[in-house]
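For reference, the structure is listed below as structure tokens.
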Amino acid sequence: MNRRTTALSAAVALAAALALTGCSSESDKPKLEVSGAFMPQPVMDMAGGFLTIKNDSGTADKLTSVTSPLSDDVTIHETKDQKMREVTSFDIPANGELKLERGGNHIMFMELKSKPKQGEKVSIELHFEKSDPIKIDVPVEAPNHNPQQH
Ligand SMILES: [Cu+2]
């Protein structure tokens, strides 16, 4: 084996080691943090839910469903051209965030079992493609509450 071959095989080994490192960091679990959740006090037997999910990792995830004792019919909706449409999931980009806000993407609660009032809290559980489920208590705000308007 001449010197050149030795250097080459060392380089190949190094590249392989780097590739392995790259792989293992990509299989890290997404780090999700939920903030700013609220539900406007429902006026009929349906309600919307809004929140932000921040992803502090290099791994993208997806919000796939939401469950709650408040309703057996909870879906996730996007709004396009002022019309809402059910979707199967929302992307939570790596090192980014998913925002559910008025006039845009939202959680939809139908056929409410009770009508929560302002000041009360609604328990919901968020389900993801990769992360473990996250359970949070969502405060009920005034029917016209909108944190975007300041
Ligand atoms: Cu909707």
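Segment 63-123: which GluC sites (Glu not before Pro) are DSSP loop and have at most 12 other beta-carbon atoms within 10 angstrom?
Numbers: sites: Glu78, Glu86, Glu97, Glu101, Glu111, Glu120; in loops: Glu101, Glu111, Glu120.
For GluC sites (Glu not before Pro) across segment 63-123 that sit outside H, G, I, E and B with at most 12 neighbouring Cβ atoms in 10 Å, the list reads Glu111.
More than 19 Å apart: what percent of Cα pairs in segment 27-144 qualify?
Working: 2978 of 6903 pairs.
Summing the P(r) tail past 19 Å for segment 27-144 gives 43 percent.
Excluding same-chain residues fewer than 8 positions from Lys31, which aspartates and glutamates have a Cα within less than 18 Å of its Cα?
Asp56, Asp61, Asp91, Glu97, Glu125, Glu129, Asp132
Just the ratio, please: alpha-carbon radius of gyration of segment 102-150 over 2.2 N^0.38 Å, N its number of residues.
Details: Rg = 13.0 Å, N = 49, 2.2 N^0.38 = 9.7 Å.
Working it through for segment 102-150, the quotient is 1.34.
In Å and on Cα atoms, what radius of gyration and Dmax does segment 59-98 show?
Both quantities, over Cα of segment 59-98: 12.1, 32 Å.
Rank the residues Ile124, Ile134 as a footprinting-exposure proxy: fewest other Cβ atoms within 10 Å of their Cβ go first.
Numbers: Ile124 24, Ile134 15.
So the residues, fewest neighbours to most, are Ile134, Ile124.
Values in this text are rule-based calculations from the coordinates and carry no lab data. For clarity, every value in this text was computed on a predicted model and none was experimentally measured. Backbone-built Cβ (ideal geometry, glycine too); neighbour counts: all protein chains shown.
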